[in-house]
Amino acid sequence: LLANIKICDPAVGSGAFPLGMLNEIVRARQVLSVHLKREIPPYKLKLHTISNSIYGVDIDPGAVEIAKLRLWLSLVVEENKPHPLPNLDHKIMQGNSLISEYEGIKLFDETLLEQKEKKEVQIGMNFGSSADIKLEKLQLAIEEFINQSQRSKKQELKENIDNLKWELIEATLEEQSRKDKLEEIKILRRKNIKPFFIWKLEFTDVFKEKGGFDVVIGNPPYIQLQKNEGELANMLENCKYKSFARTGDIYCLFYELGNELLNKQSHLAFITSNKWMKAGYGEKLRMYLAENTTPKSLIDLGPGVFETATVDTNILLFQKGKVEKPCIACSVKENLVKNNIHLVDYIAKNKVELNKFTSESWIILDPIEMKIKEKIEKTG
């Protein structure tokens, strides 16, 4: 299971979260290898995990390069002799995670990702549409690119991959008879500009094989949507996010995006500002989470918990879909580092169970406050 896990950070930044997950996976597989009596060198485990399990996207091209560099460096330290590094251009990618359409129009036929029965191919006969064939070529080209070390061949594969992606976008618009937008897309192609990031096209291997990611993690950016005279809000409103609020913050949309990127019953874990839990602008996000996810752990990290934090934060872990399961919740009200208290120990002592979530404020009371609240509700 760990060998085939798929993990994504949709706002990868400098790569701290994927790097942490890489180390966790490698440590877990090393422990399991003892029981399996199958020793695998750390270098091979890291190489396999980086090449097959770690994905990330960020709007900042500089951050993307740093994230790739950190993953490479974590691999290099395990080497006894130099090896060619994996090509991560199609694993850690630059793009606007939140925009997957062009002016409200879908640019990729998602039915191409549906599992189909294997067909026997006879000599001289082709099965499937031209789009099906292009998609298969795209997957094979990306697989070859990741492990290709020859510079000229890498460049050739990169150009081929880019061309196949543009061709699939154009084929989708042709099927929709959107000639007006097709011409605009062809202009963007000539300029090599992509004002969108089509997740199911860029990471076809994940969505075709598993229907989405097993884990989505991260610390999305905090940007008020009303900044810059509402230009950002205008751009994102067309994306039809259920959690969108013009007075809100961009990190709210990442919760919804993250849930949509997961496969069935998989998990998301984010650390963000905790304002959405109580603020008016968080009402739509609270409703979305209540209706579409199962919160399993909610930790409210109040003032003074982190000395260097500029905002109060929370950690939310949820499972995709609705499952009858209580959520372990805790409001942290002291500086754990200064008082030499481990977060796990603090939660064990101060946790409460939450069983019902709505669009109302997600307030976490301590155990004493919870008992008082229950008594008030019971007596009316």
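The values are calculated or read from the model by the stated rules, or taken from the named source; none is laboratory data. No experiment lies behind these values; they were computed from the predicted model shown. Here Cβ is always computed from backbone atoms with ideal geometry, including for glycine, and neighbour counts include all displayed protein chains. To get the accessible areas, we keep the full protein, side chains included, count just its heavy atoms, and leave off ligands, DNA and RNA. Shrake-Rupley method; radii C 1.70, N 1.55, O 1.52, S 1.80 Å.
Please work out the FRET efficiency for the pair residue 375 and residue 77, using the Cβ-Cβ distance as r and a Förster radius of 56 Å; give the result to the nearest 0.05. Display every interim value, and only then the final one.
On the way: r = 57 Å, r/R0 = 1.02.
E between residue 375 and residue 77, to the nearest 0.05, is 0.45.
So what is the relative contact order of the range 308-365, in percent, for Cα pairs below 8 Å that sit 6 or more residues apart? Provide the component values of the computation, followed by the final result.
Working: 31 pairs, mean separation 23.7, N = 58.
That works out to 41 percent.
Roughly how far apart, in whole Å, are the Cα centres of the range 49-77 and the range 18-45?
Their Cα centres are 19 Å away from one another.
Determine, from the Cβ-Cβ distance of residue 340 and residue 30 and an R0 of 30 Å, the FRET efficiency 1/(1 + (r/R0)^6), rounded to the nearest 0.05. Intermediate values should be presented prior to the final figure.
Working: r = 30 Å, r/R0 = 0.99.
Taking R0 as 30 Å, the efficiency between residue 340 and residue 30 is 0.50.
Grab the other residues whose beta carbon is less than 12 angstrom from that of residue 172, score K and R as +1, D and E as -1, and report the net. Provide the component values of the computation, followed by the final result.
Numbers: positive: 106, 134, 165, 178, 181, 200; negative: 101, 109, 110, 167, 170, 174, 175.
Combined, the nearby Lys, Arg, Asp and Glu give -1.
Skipping prolines and chain starts, which residues have an amide H placed within reach, meaning under 5 Å, of the one on residue 302, given they are 5 or more residues away or on another chain?
The list, which skips near neighbours in sequence, is 332.
Below 8 Å between Cα atoms, with a sequence gap of 6+, how large is the relative contact order for the chain in percent? Don't skip to the end; give the middle numbers.
Numbers: 587 pairs, mean separation 50.5, N = 380.
That works out to 13 percent.
Quick one: 3J(HN,Hα) in Hz for the range 290-304, Karplus 6.51/-1.76/1.60 with θ = phi - 60°, rounded, Gly and Pro as x.
Result, rounded to whole Hz: 5, 8, 10, 9, 10, x, 10, 8, 9, 10, 9, 9, x, x, x.
Roughly how many whole Å is it from the C-alpha centroid of the range 316-346 to that of the range 138-204?
42 Å
Under a 5 Å amide H to amide H cut-off, with H placed in plane at 1.01 Å, what residues pair with residue 213 once short-range neighbours are removed?
262, 263
Where the only charges are on Cβ atoms (+1 Lys, Arg; -1 Asp, Glu), what is the dipole of the chain about its Cα centre, to the nearest 20 debye?
800 debye
Return the loop-located GluC sites (Glu not before Pro) in the range 1-109 (DSSP other than H, G, I, E, B) with at most 15 other Cβ atoms within 10 Å of their own Cβ; answer none if there are none. Display every interim value, and only then the final one.
Working: sites: 24, 39, 65, 78, 79, 101, 103; in loops: 39, 78, 79, 101, 103.
Counting only loop positions with at most 15 other Cβ atoms within 10 Å, the GluC sites (Glu not before Pro) in the range 1-109 are 39, 78, 79, 101, 103.
Could you please tell me the mean projected area of the C-alpha convex hull for the chain, averaged over all directions and given in square nanometres to one decimal? Don't skip to the answer; put the middle values down first.
Numbers: hull surface 99.6 nm².
Over every viewing direction, the Cα hull of the chain projects on average to 24.9 nm².
Enter the accessible area per residue of the chain (Å², integer; probe 1.4 Å; all protein chains in place). The partial results should precede the final answer.
On the way: 21210 Å² over 380 residues.
On a per-residue basis, the chain sits at 56 Å².
Suppose we keep just the DSSP beta bridges with both residues in the chain; what percent of those would be antiparallel, to 5? Don't jump to the answer; show the numbers that get you there.
On the way: 20 of 38 bridges.
Just about 55 percent of them are antiparallel.
For residue 296, enumerate residues with amide H under 5 Å from its amide H, sequence gap 5+ or separate chain, H modeled in the peptide plane.
The answer is 317, 318, 319.
Can you give the helix-only mean residue ellipticity at 222 nm for the chain, where every DSSP H stretch with n ≥ 4 adds -39500 (n - 2.57) and the sum goes over all residues, rounded to the nearest 500 deg cm²/dmol? All intermediate terms of the calculation are to be shown ahead of the outcome.
Working: 13 runs with 164 residues, N = 380.
Dividing the helical sum by the residues of the chain leaves -13500 deg cm²/dmol.
Round to a whole angstrom and tell me the spacing of the C-alpha centers of the range 240-270 and the range 78-112.
Using only Cα atoms to place each centre, the spacing works out to 19 Å.
Quick one: what does P(r) look like for the range 226-358 with 5 Å bins over all Cα pairs, in whole %?
Whole-percent P(r) values from 0 Å outward: 2, 10, 18, 21, 18, 15, 10, 5, 2, 0.
In nm, to one decimal, how far is the modelled label at residue 163 from the one at residue 309, with both set 7 Å along Cα→Cβ?
5.1 nm
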